[in-house]
Each structure stands twice: as structure tokens, then as C-alpha cells.
Amino acid sequence: MTEQRGRSQCEDHGARADRAVSITVNYVITLSITAVLISGLLIGASAYVESQRDRVVREELDVISQGLAAGIDDADRLSRADAESRSVRVGVDLPRRVAGESYQLRITELANPPDQPAQYELTLRSAQSDVSVTLTLSTLVPIQEGTVTGGPVVVRLDTAGPVLVIEAGDSTGLPSLRQPNIGGATI
């Protein structure tokens, strides 16, 4: 009987120890599953935020490209209308950043038949997210190819070409509408 009592006490103690282990194991498993679910939600949310940010950048670059294209079109039209004075300067007030990112404007000439107006690709590309928007435009006055950092720009007629030149605005953030220096003197 004593032996049987000893066995049953050992069995009771063993059952309690198993219960204590199973509670700890259940707690660890619950914490692990919770951690996996939370990290999955965070990863999914960050991917969603990233895609929404790219969408906002693309939309802003599209609006900016339309505004710049309108400024280039104005300069092209004024250059043809003001053939005698040739002092055309059009300021286009563009934001310096889109969704907190800087961006660049690039003008590239496309191959076109000689009897057709010149065609150019206007590409705006954000610096960090590498989102880009490209717009094709036509002008009768050629445009000088090049790259400009985003911000206020001036589209001016360079009479040496004649060619339209797109330049960054001055350091005050406003387009510089002064005449270019010729021989060190401001006209």
C-alpha cells in the first residue's frame, strides 16, 4: 500500500509537471503566432504605403510635366510671333520636391522627318523612388537637350540657334527673368 501510495504521488507530481510544461509551451506558441501575424501586417502595410507613395509621386510628376509642357508651348509660340526682338523668356514655377523627393527634368530629341515639327521627350524622374513620367511634345523652334533639377525654371530663346533653352530658376526660388550677360554687361 505504501508502495502504491508512493507511485500515485509520483504520478500526480508527473501529471502536474506535464501541465506546467504544456502551459508554458502554449504560451510560447501563442506569442510566436502573434509575432508572425504582426510582422506580416507590418510588411503588408509598408508595401501598401510604398505603392501609394509611388502613385502620388507619379501623379505629381504628371501634373508638373503638363505645366512645363504648357510653358514650353508658350515659349515656342512667342518665339515664332516675336521674330524681330527675339527676347522671349517664360518662367514656369515648378515645385522643388514631389512627395518629399527631389526630381530631374530631361529633354531628349526624338528622330523625326525633316519636314515635320521637332519632337522631344520630356522625362521627369524622382530621385529616391525612381518613378518617371514621360511626355512627348512638338515644337517648331528646336529645344536644347539637357537635364535640369526640379524647381522653378525659365524657358528662354537663345538667338544663336535659335533654340529654346530650359534653365533652373535663380537661388531665390523665382525664375530669373534678367537678360543674359553679353560681354560681362547685363542688358
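The values are calculated or read from the model by the stated rules, or taken from the named source; none is laboratory data. The structure presented is a predicted model; accordingly, all values stated were derived computationally and were not measured. Here the Cβ positions follow ideal geometry from the backbone for every residue, glycine too, while neighbour counts run over all protein chains shown. We work out accessible area using only protein heavy atoms, side chains counted, and drop any ligands, DNA or RNA first. Shrake-Rupley method; radii C 1.70, N 1.55, O 1.52, S 1.80 Å.
Being open to solvent by less than 70 Å² (accessible area, probe 1.4 Å), part of a strand (DSSP E or B) and modelled with pLDDT of 90 or more is the filter here; which residues of segment 92-118 pass it?
Matches in segment 92-118: 92, 98, 101, 102, 103, 105, 107, 108.
Please verify whether residue 19 is modelled with pLDDT under 90, assigned to a helix (DSSP H, G or I) and open to solvent by 80 Å² or more (accessible area, probe 1.4 Å), treating the condition exactly as stated. Please lay out each step first, then the result.
Working: modelled with pLDDT under 90: yes; assigned to a helix (DSSP H, G or I): yes; open to solvent by 80 Å² or more (accessible area, probe 1.4 Å): yes.
In short, yes.
Looking only at segment 24-82, count how many residues are within 27 Å of residue 151 (Cβ to Cβ), surrounded by fewer than 14 Cβ atoms within 10 Å (Cβ to Cβ) and modelled with pLDDT under 90.
5
From (1) open to solvent by 20 Å² or more (accessible area, probe 1.4 Å); (2) part of a helix (DSSP H, G or I); (3) among the small types (Gly, Ala, Ser), pick out the condition that doesn't hold for residue 138.
Among (1) open to solvent by 20 Å² or more (accessible area, probe 1.4 Å); (2) part of a helix (DSSP H, G or I); (3) among the small types (Gly, Ala, Ser), the lone unmet condition for residue 138 is (2).
How many residues are of a type in the set (Val, Ile, Thr) and open to solvent by 20 Å² or more (accessible area, probe 1.4 Å) when one looks only at segment 149-172? Talk me through it step by step, then tell me what you get.
Kept after step one, since they are of a type in the set (Val, Ile, Thr), are these residues of segment 149-172: 149, 153-155, 159, 163, 165-166, 172.
Now drop any that are not open to solvent by 20 Å² or more (accessible area, probe 1.4 Å), which leaves 149, 159, 163, 166, 172.
Counting residues in segment 149-172 that are of a type in the set (Val, Ile, Thr) and open to solvent by 20 Å² or more (accessible area, probe 1.4 Å) gives 5.
Quick check on residue 114: is it out of contact with any Pro (no Cβ under 8 Å at 6 or more places or on another chain), on the phi < 0 side of the Ramachandran plot, of a type outside the set (Gly, Ala, Ser) and without any contact (Cβ under 8 Å) to a residue 24 or more places away in the chain?
yes
Cβ-Cβ under 7 Å, sequence separation 6+ or interchain: first residue in segment 123-140 and at negative phi and of a type in the set (S, T, N, Q), partner at pLDDT below 90 and assigned to a strand (DSSP E or B). Which pairs?
Pairs found: 138/118; 139/118.
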